[in-house]
Structure formats: C-alpha cells, structure tokens
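See below for the structure under consideration.
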Amino acid sequence: MQKKHESTGIQTFKDLRIWQKGLQIVQKTYKSTSNYPKYELYGLASQMRRSAVSIPSNIAEGFRRFYPKENIQFLRISLGSCAELETQVIISVDLEFLDSKTGTEFSADLEHLSRMITVSIKKLKQYANSTQHTTS
C-alpha cells in the first residue's frame, strides 16, 4: 500500500501536478505531430513522442522509489526530456512542421513544467537533508 505523503494529500504519482502537466504535454505532442509529413513518422515526430512520454513516465517511476535521492535522479531525467523536447519543438518550427505560435506556446509549457520539476527537486533535497540529520 502506498503511504500517504504527510500534509500534502498525495497518495499516488497521479496526484502530482508535475505528472498531470506532463500528461498534458504528451497529449499536445501527439496532437501536434499527427500533422507532420508521412516521411517524419519514424523521424522527428517519433522522437518527440518518445521525449514527451519520458517526462511523466520518469516522474511516476521516481515517485515510486523508496529514497528521495532516487526520486531526484528520475526528476532530473524528466528535466532532460523537457530540454530534449523543447529542442525538437524549435527544430519543428525551423522546418515549418509547427507554426511559430504553437512552438512558442509549447516552449512556454515546457519551461513552466521544468520550473515545477526544479522546485520539486529542491523540496526533495531539503527533505532528504532534514531526515539525514534526524536519523544520524
């Protein structure tokens, strides 16, 4: 049984706002890449989808890890996937697969999620440091 996080009301990874935001980005990615040229089906579109799916997947996997340091590592991987997807969005705009307005909105969403993940990492580090001192 998953232990409820004290004072947050979070019982599963599905309760995490960063995971929920990650799912929104996956949906946006799939919708956006559905209009890419057929020859990009296994190229850029596929890579973007993998990058997008990696974001909430790593958030979920990290949440299920026992130690905060492991969770932090998976959150860092999610941050990397955000940067990877943002780069692919820029490439898509440059290649005119996405219009610049959509690209700008996409980048803003990814920046917002990256900040949210960074805050989560900082909070986990603080928690890990505080429990380290109390168990010593």
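Give me the extension gain from Tyr42 to Tyr127: residue separation times 0.36 nm, minus the current Cα-Cα distance, reported in nm with one decimal.
Here the segment from Tyr42 to Tyr127 would lengthen by 26.4 nm.
Can you list residues from other chains, or at least 5 along the same chain, whose modelled amide H is less than 5 Å from the amide H of Leu98?
For Leu98, whose amide H was placed from the backbone, the distant partners under 5 Å are Val93.
To the nearest 20 debye, what is the magnitude of the charge dipole of the chain about its Cα centre, counting +1 on the Cβ of each Lys and Arg and -1 on the Cβ of each Asp and Glu? Spell out each step's value before the answer.
Numbers: 19 positive and 13 negative charges, 141 e Å.
Value, rounded to 20: 680 debye.
Once the other residues with Cβ under 11 Å from the Cβ of Asn71 are scored (Lys, Arg +1; Asp, Glu -1), what is the net sum? Display every interim value, and only then the final one.
Numbers: positive: Arg64, Arg65, Lys69, Arg76, Lys123, Lys125; negative: Glu61, Glu70.
Residues close to Asn71 contribute a combined charge of +4.
Provide the gained length on full extension for the span Gln20 to Phe66, in nm with one decimal, where the gain is 0.36 nm per separating residue minus the Cα-Cα distance. Mind dumping the intermediate values first?
Working: separation 46, 0.36 × 46 = 16.56 nm, distance 2.13 nm.
Going from the current span to full extension adds 14.4 nm.
On full extension of the chain, what length is gained from Lys31 through Ile10, given 0.36 nm per residue of separation minus the C-alpha to C-alpha distance? Provide the component values of the computation, followed by the final result.
Numbers: separation 21, 0.36 × 21 = 7.56 nm, distance 2.94 nm.
Length difference between fully extended and current span is 4.6 nm.
HN-Hα J couplings of segment 22-37 from phi, Karplus 6.51/-1.76/1.60, θ = phi - 60°, integer Hz, Gly and Pro as x?
So the Karplus estimates, Gly and Pro as x, are x, 5, 4, 5, 4, 4, 5, 5, 4, 5, 5, 7, 5, 9, 5, x Hz.
State, in angstrom, two size descriptors of segment 42-82 derived from its alpha carbons: Rg to one decimal place and Dmax to the nearest whole number.
11.4, 37
For Cα extents along the principal axes in Å, one of (1) 57, 26, 22; (2) 42, 34, 25; (3) 73, 29, 25 was computed from the structure I shared and the rest are decoys. Which label?
(1)
Rounded to the nearest 500, what is the 222 nm mean residue ellipticity of the chain from helices alone, with -39500 (n - 2.57) per DSSP H run of 4+ residues and division by all residues? All intermediate terms of the calculation are to be shown ahead of the outcome.
Details: 4 runs with 100 residues, N = 136.
So the calculated ellipticity at 222 nm is -26000 deg cm²/dmol.
Choose one of Val119, Pro56, Thr12: the residue whose Cα lies farthest towards the positive end of the charge dipole of the chain (beta-carbon charges +1 Lys, Arg; -1 Asp, Glu; about the Cα centre).
Toward the positive end, the furthest listed residue is Thr12.
For the chain, take the longest principal axis of its alpha carbons; what is the angle in degrees between that and the long axis of helix 68-94, to the nearest 10 within 0 to 90?
Tilt of helix 68-94: around 10 degrees.
Where a number appears in this text, it was derived from the coordinates with a stated rule and is not lab data. What you see is a predicted model; the values in this text were computed from it and never measured. Positions of Cβ are backbone-derived with ideal geometry, glycine not excepted, and every protein chain shown enters the neighbour counts.
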